[in-house]
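The numbers here are math on the coordinates, done by the rules we state, and not lab data. Everything numeric here is computed off the predicted structure, so don't read it as measured data. Backbone-built Cβ (ideal geometry, glycine too); neighbour counts: all protein chains shown.
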Amino acid sequence: MNEDQIWLIDDDSITNFVNKIIIERNYSSAKIQEFLIASEALKQLQNNYAIGAELPNFIFLDINMPEMNGWEFLEAYKKLDPKITDHIKLYMLTSSQNEDDVKRADNCPVIRKFVNKPLKRDDVVEILRAS
């Protein structure tokens, strides 16, 4: 199994820490990068592409974040060159129970699935090992 690049975009460092442990325990070949600010992840995507560095295979994106929330990130993400985004599997990872968020995620073609946080072992197995 090749090493997959997984990006966690969430302003809560404790959530990122917990998710990282769950991923590492169930998917040891993962290389995980954490972003506390969504706009920094967006810039890093563009920079990595520009210099020929690796892009993530998976992104787990939180909805509720300061400065740039998950929905704002997605609007900017959709405008990126498809050469950047085409192979990335993006999952909305959130604690939101808002039905509008669920419907909005279901209607967004770049979101593979709406996943409740923190990640659970079954989520990791289903998402990462099945890909």
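Think of the stretch 2-113 as a dipole: +1 on every Lys or Arg Cβ, -1 on every Asp or Glu Cβ, centred on the Cα centre; then among VAL18, ILE63, PRO82, PRO82 lies furthest on the positive end. Give, as a single signed number, the net charge of other residues whose beta carbon lies under 11 Å from the beta carbon of ILE111, with Lys and Arg counted +1 and Asp and Glu -1. That works out to +3. When the alpha carbon gyration tensor of the stretch 4-129 is reduced to an equivalent ellipsoid, its three semi-axes come out at 20, 18, 14 angstrom, largest first. When the chain is treated as a GNM with alpha-carbon contacts under 10 Å, the residue of ILE21, ILE32, ILE63 showing the greatest mean-square fluctuation is ILE21.
For the peptides 7-16, 48-57, the ranking by mean Cβ contacts within 10 Å, running from highest to lowest, is 7-16, 48-57. Summing +1 for each Lys or Arg and -1 for each Asp or Glu among the other residues whose beta-carbon sits under 9 angstrom from that of THR15 gives -3. Please state the shape class of the stretch 1-61: rounded when a/c is under 1.5, otherwise prolate if a/b exceeds b/c and oblate if not, all from the C-alpha gyration tensor. In terms of gyration-tensor shape, oblate.
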